[in-house]
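A.B. asks: Please find one structure pasted underneath; my questions will follow.
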Amino acid sequence: IQQHQEIHVVMGNEACDLDSTVSALALAYFLAQSSPAPGAAMVPVLNIPRAEFALRGETAFLLRERGVPAAALVFRDDIDLRALHRAGLLSLTLVDHHVLPGADAALDEAVVEVLDHRPLERRRAAPCRVTVEPVGSCATLVTERILQGPPGVLDGTTAALLHATILLDCINLSPAAGKVTPRDVACVALLEERFPELPARDAVFGALQAAKFDVTGLSTEQMLRKDLKVISNDDVLVAISGVFEDLETFLLRPGLLQDLDAFCQSRGYAGLVAMTVSFDERHEPTRKLAVYSQQEPLRSTLCRALEEATAPALLLRPLPGRWASVAAYAQGNAVATRKKVLPILRAAL
């Protein structure tokens, strides 16, 4: 700020999963390499505090494997985006999301580009460049963008990061999981054609999936923080956590109710939706979810919205409950990911 240096930040969503992280790193690197004499410094920002990074097991694993040290990464608490924006020095590209959370609403006018693969929830006026396409992984859109750019910019490390991310996001390109599209398949094939030394798909996917689902030793609070998104209206915050454990196992954790209450109280959440997923050997998913709130009207509102949803229909089947404040369901529509459930919950709020 003191040197009046313009900063162009490329930033993923606040869950900061592998897709958000690699999309931000790869696109910022591409922009830095391909922009003719850029006036701004290109900075990929991981949208979590540095202390949270250890909970992103698959991301930490892949970056370590590919020789990208955590010390080289910029986290949300390493850079004051609001101060940069107040000084008129910030431009912002959003990857893997296009709606900033309420706490970041002031940064909205700094957004110059969006690259996302979830359903469009709000339109942005020109000159903001918007690419919102229904592919399995945002890394696919970043790969397409890089491949359309100047030849020679894509290197082996970036290709390996993008390749691994698309494979994890699209469940090893398995049609049964309901996430992969022809564009994801095409990008993986193109990367393998250009970089034949890339490791085999099954090996990449297996290692990342194991790292992602390894919750050994994590407390309930850490499990809920591991893959967390927050939605809000004017006066209510609701957390939506991806939980990498079977729901019944999760609900049997000792002291769970007290842990849920403490987690929500400490962060100001009025409720929490825990969404679990597991995969069989054919990569077919099983999804379940639980809605927790001590406020009965809010819990009923969220449950009703999920039960009655039609776009998509979740085909929920109630599971026996232990507590009045927790409603648990098996989800018959196993291809309805959190990306598709979030708009239902937002509309309910």
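A.B. asks: Here are some conditions: (1) modelled with pLDDT of 95 or more; (2) among the charged types (D, E, K, R); (3) over 18 Å from residue 247 (Cβ atoms). Residue 282 meets all but one. Which one does it not meet?
C.D. replies: Just one mismatch for residue 282, condition (1).
A.B. asks: Continuing with the same structure: Of the residues that make up segment 160-170, is at least one assigned to a helix (DSSP H, G or I) and open to solvent by 50 Å² or more (accessible area, probe 1.4 Å)?
C.D. replies: Filtering segment 160-170 down to residues assigned to a helix (DSSP H, G or I) leaves 160-169.
From what's left, open to solvent by 50 Å² or more (accessible area, probe 1.4 Å): none.
No, segment 160-170 has no match at all.
A.B. asks: Can you find a residue that is touching a Pro at 6+ places or on another chain (Cβ under 9 Å) and within 27 Å of residue 342 (Cα to Cα) anywhere in segment 221-230?
C.D. replies: Here is the first cut: in segment 221-230, the residues touching a Pro at 6+ places or on another chain (Cβ under 9 Å) are 229-230.
Subsequent filtering for residues that are within 27 Å of residue 342 (Cα to Cα) retains 229-230.
Yes.
A.B. asks: Just need a number here: residues in segment 213-257 that are part of a helix (DSSP H, G or I), open to solvent by 60 Å² or more (accessible area, probe 1.4 Å) and more than 13 Å from residue 277 (Cα to Cα).
C.D. replies: Taking segment 213-257 and keeping what is part of a helix (DSSP H, G or I), we get 220-226, 247-251, 256-257.
Keeping just the survivors that are open to solvent by 60 Å² or more (accessible area, probe 1.4 Å) gives 221, 248-249.
Those still in the list that are more than 13 Å from residue 277 (Cα to Cα) too: 221.
Qualifying residue count, segment 213-257: 1.
A.B. asks: For the structure I just gave you, tell me whether residue 100 is farther than 21 Å from residue 140 by Cα, open to solvent by less than 30 Å² (accessible area, probe 1.4 Å) and either assigned to a helix (DSSP H, G or I) or in the same structural domain as residue 243 (by the TED database) (or both).
C.D. replies: No.
A.B. asks: Name the residues in segment 171-212 that are crowded, with 16+ Cβ neighbours inside 10 Å, of a type in the set (A, V, I, L, M) and in a loop (DSSP other than H, G, I, E, B), would you?
C.D. replies: Correct list: 171, 173, 180, 198.
A.B. asks: Follow-up question, since we're still on this one. Going residue by residue through segment 283-294, is there one that turns out to be under 18 Å from residue 223 (Cα atoms), part of a strand (DSSP E or B) and open to solvent by 20 Å² or more (accessible area, probe 1.4 Å)?
C.D. replies: Yes.
A.B. asks: Going through segment 313-323 one residue at a time, which ones are open to solvent by 20 Å² or more (accessible area, probe 1.4 Å), at pLDDT 95 or above and not in a strand (DSSP E or B)?
C.D. replies: 313, 315
The values are calculated or read from the model by the stated rules, or taken from the named source; none is laboratory data. Since we're looking at a predicted model, the values are computed, not measured. Quick reminder, even Gly has a Cβ in these numbers, built from the backbone with ideal geometry, and neighbours come from all protein chains shown. Note: areas computed on protein heavy atoms with side chains; ligands, DNA, RNA excluded. Shrake-Rupley method; radii C 1.70, N 1.55, O 1.52, S 1.80 Å.
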